[in-house]
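Before any comments, here is the structure.
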């Protein structure tokens, strides 16, 4: 990052969120990212279109907003395959559709890790409990060997479904063998599903290359896309799950080769669509993407800004109790999570003490996570370090 970027502040893009609580110090961009002003404008556009167009709003949603959002996601992923993108209110919805479409026989053999996010962890546990699936869980620790160990298990196991996070939500460690894992996928199984929620718009072009031809990819707008809830997406490779068993009427695009009365599907990713949804999240997402482009804020540039702040915090650690914590995801010059994860028996207390001072971080068990975004600048880091120094 150049010296000019170090001195820049992007706070003017977030006047509404920052102005709503001017004294708040928000270092949880990895959790609930603050919304930029453009998201408000997009949300209002959705409301105004509903008032102006009523039923005809769906012509605009599916004819203009949806394709724009597809193109933005595909560009960001690095696939340039917009017709492979489909949207839903959350990634859990896609997980259900994928598991239902994956196999005609149960139980399904699933390979995953023991570090997946709660929505997948809980659903997997319930399927295991009910006998619908059998799981092999690869320990996420030690983190530095996880990618290799997971790929070895995928190569040697008899799995129908393989699910892993590209960036682990708890530790921030990165699974860096996505291309190699995707090469194992086949339409008849196994299916490879990459949970990219903590990678999308945090890592530049996280799904570029051959992986997109055979693997699924999940992500959403809640975190680094800065668009809030309701804007989850899935990249669905062609030929995988042509006729999902869980289907809604929005996927009802008839295949003219089918006999009358048959259930038809689109050939593109909309075959995984459900039913009526709230389109306002797509308006917010596209408005935010336009604002970022207008300000020259690519993911690479945003990551550089955040990494500089992360480095500033790490250099100040000796002046804080966090110096005695274990940093689970050190900066190594490669793709990195937008948060730093500090493991300590004091993590819960630190989180509570910071919250009492209106400094918002995040805690998961014994891990304090400090997240970074473009609504922070060096002055915010100075304030954070000062508060951290006051912790017992």
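Go through 37, 93, 83, 49 for me and flag whichever is surrounded by 15 or more Cβ atoms within 10 Å (Cβ to Cβ), more than 17 Å from the chain's Cα centre (by Cα) and closer than 30 Å to residue 186 by Cβ.
On inspection, the qualifying residue turns out to be 83.
Testing residue 41 on (1) free of Cβ contacts under 8 Å to residues at least 60 places away in the same chain; (2) part of a helix (DSSP H, G or I), one condition comes back false. Which one is that?
Single failed check for residue 41: (1).
From the list 186, 179, 223, which residue is closer than 26 Å to residue 70 by Cβ and within 13 Å of the chain's Cα centre (by Cα)?
223
Please specify each residue of segment 270-309 satisfying the condition of being surrounded by fewer than 22 Cβ atoms within 10 Å (Cβ to Cβ), assigned to a helix (DSSP H, G or I) and either on the phi > 0 side of the Ramachandran plot or in contact with a strand residue (DSSP E or B) (Cβ under 6 Å, 6 or more places away or on another chain) (or both).
270 - this is the single residue of segment 270-309 that is surrounded by fewer than 22 Cβ atoms within 10 Å (Cβ to Cβ), assigned to a helix (DSSP H, G or I) and either on the phi > 0 side of the Ramachandran plot or in contact with a strand residue (DSSP E or B) (Cβ under 6 Å, 6 or more places away or on another chain) (or both).
Going through segment 156-180 one residue at a time, which ones are out of contact with any helix residue (DSSP H, G or I) (no Cβ under 8 Å at 6 or more places or on another chain) and free of Cβ contacts under 8 Å to residues at least 40 places away in the same chain?
Scanning segment 156-180 gives a single hit, 156.
I need a count of the residues in segment 90-106 that are out of contact with any helix residue (DSSP H, G or I) (no Cβ under 8 Å at 6 or more places or on another chain) and part of a loop (DSSP other than H, G, I, E, B).
4
Taking the conditions exactly as written (without any contact (Cβ under 8 Å) to a residue 40 or more places away in the chain, surrounded by fewer than 22 Cβ atoms within 10 Å (Cβ to Cβ), not assigned by TED's automatic domain parsing to the domain that holds residue 225 and not in a helix (DSSP H, G or I)), does residue 335 satisfy them or not?
no
Please report, ordered by residue number, the strands (runs of 3 or more DSSP E) entirely within segment 109-224 with at least 3 residues that are under 23 Å from residue 79 (Cα atoms) and at pLDDT 95 or above.
The qualifying strands (runs of 3 or more DSSP E) are 161-165, 191-195, 215-220.
Please pick out the residue among 345, 318 that is loosely packed, with under 13 Cβ neighbours inside 10 Å and either touching a residue at least 60 places away in the same chain (Cβ under 8 Å) or not in a helix (DSSP H, G or I) (or both).
That would be 345, the only listed residue that is loosely packed, with under 13 Cβ neighbours inside 10 Å and either touching a residue at least 60 places away in the same chain (Cβ under 8 Å) or not in a helix (DSSP H, G or I) (or both).
Being surrounded by fewer than 18 Cβ atoms within 10 Å (Cβ to Cβ), touching a helix residue (DSSP H, G or I) at 6+ places or on another chain (Cβ under 7 Å) and free of Cβ contacts under 8 Å to residues at least 60 places away in the same chain, is that true of even one residue in segment 368-388?
No, there is no match, as no residue in segment 368-388 is surrounded by fewer than 18 Cβ atoms within 10 Å (Cβ to Cβ), touching a helix residue (DSSP H, G or I) at 6+ places or on another chain (Cβ under 7 Å) and free of Cβ contacts under 8 Å to residues at least 60 places away in the same chain.
Could you tell me whether any residue of segment 4-24 is buried (at least 20 other Cβ atoms within 10 Å of the Cβ), touching a strand residue (DSSP E or B) at 6+ places or on another chain (Cβ under 9 Å) and under 30 Å from residue 351 (Cβ atoms)?
Yes, segment 4-24 has at least one match.
The values are calculated or read from the model by the stated rules, or taken from the named source; none is laboratory data. Worth saying up front: this structure is predicted, and the values here are computed from it rather than measured. Cβ: placed from backbone, ideal geometry, glycine included. Neighbour counts: every protein chain shown.
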